[in-house]
Amino acid sequence: MIRIGKYVVYDLVRNRFVVMYTAFLMLVTFSVFSLDSDAGKSTLSLLNIILLVVPVVSVIFTGIHFYNSYEFMELLLSQPVARRTIFFAEYFSVAMALAAAFLVGAGIPVLVMNFSESSTYLVLGGLLLTFVFVALAFAASVSTRDKAKGIGIGLLFWFYFTLIYDGFVLYIIYAFSDYPLEKLTLALITLNPVDLVRIIILLKLDVSALMGYTGAFYKSFFGTAVGTVYSIGFVLIWIAAPLFYAWKRFAHKDI
């Protein structure tokens, strides 16, 4: 698996899309921090950009790479190479290439310009979201042989988790505002990896006071060590669950 992974990673790091993604993140990061002298506000602005850009880039690039690698996978399958080796080599190679691009483009510049707990969690959150949405994109891609449909399903995942889901949660909070919803909102946040990352970083930025009573509840839970472990643990589950589904489909798929 390591030998296959090295070949795929070497091919990906020279990919023009990955280079442009790195350059874009670096340009945005330096621009955001140069426009505002308040490091906290700059980190908050960068968080909003990262929560939109990282998932969509991960989904699109992974989908394109997976379908373009069909012939390469067919060649490997004709050799005495296990499917598990091929699948996980592909996944970790793509995820690590995009994670490295994020780290070089946004992670290191953020830590250099504003080394703090919030910046550290921002970088960690971006890396985790990369692995989550690469796994979701793999799950979408192995579900169908049609390239447009597979990438479309991946984009639906991005659209749902970054845009639609928050509207759904806000509607529930508004419709049942007369009832205690703390535990319900906690459960709803757990069902969205983007919200998990967003909440934990917002609390590290200490803006929970702007959220009112709900923010106080979030801070009392997510602001603790237990809450942090809970958040990261469920994000890891969001990586493992679609990856396990994708592997099962790939193991029985007629390539």
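Output the residues belonging to segment 199-246 that are crowded, with 18+ Cβ neighbours inside 10 Å and either farther than 26 Å from VAL123 by Cβ or modelled with pLDDT of 90 or more (or both).
Passing the criteria: PHE217, VAL235, TRP238, ILE239, PRO242, LEU243, ALA246.
Is it the case that segment 114-136 has a residue that's more than 17 Å from ARG198 (Cα to Cα) and either of a type in the set (Lys, Arg) or free of Cβ contacts under 8 Å to residues at least 40 places away in the same chain (or both)?
yes
Conditions: (1) aliphatic (A, V, I, L, M); (2) at pLDDT below 80; (3) surrounded by fewer than 13 Cβ atoms within 10 Å (Cβ to Cβ). LEU163 meets all but one. Number of the miss?
(2)
How do the helices (runs of 4 or more DSSP H) wholly within segment 108-159 filter down when requiring 3 or more residues that are small (Gly, Ala, Ser), surrounded by 22 or more Cβ atoms within 10 Å (Cβ to Cβ) and in contact with a Gly (Cβ under 6 Å, 6 or more places away or on another chain): which remain?
117-141
Please work out which residue is surrounded by the most Cβ atoms within 10 Å (Cβ to Cβ), limiting yourself to segment 24-50 and to residues that are within 21 Å of PHE161 (Cα to Cα) and without any contact (Cβ under 8 Å) to a residue 60 or more places away in the chain.
Among those that are within 21 Å of PHE161 (Cα to Cα) and without any contact (Cβ under 8 Å) to a residue 60 or more places away in the chain, it is SER45.
Quick one: how many residues across segment 129-168 are under 12 Å from the mean Cα position of the chain (by Cα) and among the β-branched types (Val, Ile, Thr)?
Final tally of qualifying residues: 4.
The values are calculated or read from the model by the stated rules, or taken from the named source; none is laboratory data. The structure presented is a predicted model; accordingly, all values stated were derived computationally and were not measured. Positions of Cβ are backbone-derived with ideal geometry, glycine not excepted, and every protein chain shown enters the neighbour counts.
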